[in-house]
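K.L.:
Next up is a structure, given as structure tokens.
The values are calculated or read from the model by the stated rules, or taken from the named source; none is laboratory data. Keep in mind the model is a prediction, meaning the values are calculated, not measured. Glycine gets a Cβ as well: all are built from the backbone with ideal geometry, and neighbour counts include every protein chain shown. Areas reflect the complete protein model, heavy atoms only, side chains present, ligands, DNA and RNA absent. Shrake-Rupley method; radii C 1.70, N 1.55, O 1.52, S 1.80 Å.
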Amino acid sequence: MPGRARQDLLSRTALGVFRLNGQFLAVSEELARPAGLTAARWQVLGAVLREPLPVAGIARVMGITRQSVQRIADLLAANGLAEYVPNPAHRRAKLLRPTEEGRAAIARIAPGHAALADRLAAELGEEAFAETVRTLERLSRALDALADPSSAGPREE
């Protein structure tokens, strides 16, 4: 495939992902609103539902800046939806975990989230939906690998 065609694929991929990001943010805002959350607050709370994480760990998982997560985490804590707890692995980097109130807010989102998942699966088909997820995960891993200088192959001089 000629280089120009590859560039076109990259541009179309980026534009598609940017559009999807906007669509997901809009849908997430709608889903989060009945729980009194924003999409960003839902995203940060969701990152710590299984286990408490430091702000830097949440930022890594979400692919956004630590400062952005810190601001949202502080708001969640101020509103009683999350709390900071000691981190046995690092004295200064406290862990963020949801409070019962935070878990209840997430639970209020679940019915709308499930309904949207069902509608998307019906629109795409189960296998195509699963393949979409696998493709996006593979693309993310590839971009991570390209961003990691230690994974670069030999350079021609």
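K.L.:
Exactly one of (1) touching a residue at least 24 places away in the same chain (Cβ under 8 Å); (2) surrounded by 12 or more Cβ atoms within 10 Å (Cβ to Cβ) is unmet by R33. Its number?
P.N.:
Only one criterion in (1) touching a residue at least 24 places away in the same chain (Cβ under 8 Å); (2) surrounded by 12 or more Cβ atoms within 10 Å (Cβ to Cβ) is unmet by R33, namely (1).
K.L.:
Let me ask you something else. Take the stretch 38-69 and flag every residue that is within 23 Å of I109 (Cα to Cα), out of contact with any Ser or Thr (no Cβ under 9 Å at 6 or more places or on another chain) and among the polar types (S, T, N, Q).
P.N.:
S68
K.L.:
Can you name the number of the only condition in (1) open to solvent by 100 Å² or more (accessible area, probe 1.4 Å); (2) more than 23 Å from R33 (Cα to Cα) that R119 fails?
P.N.:
(2)
K.L.:
What number of residues within the stretch 72-92 are surrounded by 13 or more Cβ atoms within 10 Å (Cβ to Cβ) and under 27 Å from D148 (Cα atoms)?
P.N.:
0
K.L.:
Report whether or not E100 is within 15 Å of A35 (Cβ to Cβ) and open to solvent by 60 Å² or more (accessible area, probe 1.4 Å).
P.N.:
So E100 fits the description; yes.
K.L.:
Scan the stretch 55-71 for residues that are open to solvent by 30 Å² or more (accessible area, probe 1.4 Å) and of a type outside the set (S, T, N, Q) and jot them down.
P.N.:
A56, R60, V61, M62, G63, I64, R66, R71
K.L.:
How about the stretch 1-113: which helices (runs of 4 or more DSSP H) wholly inside it have at least 3 residues that are of a type in the set (D, E, K, R) and over 13 Å from the mean Cα position of the chain (by Cα)?
P.N.:
Those helices (runs of 4 or more DSSP H) span 3-32, 66-78.
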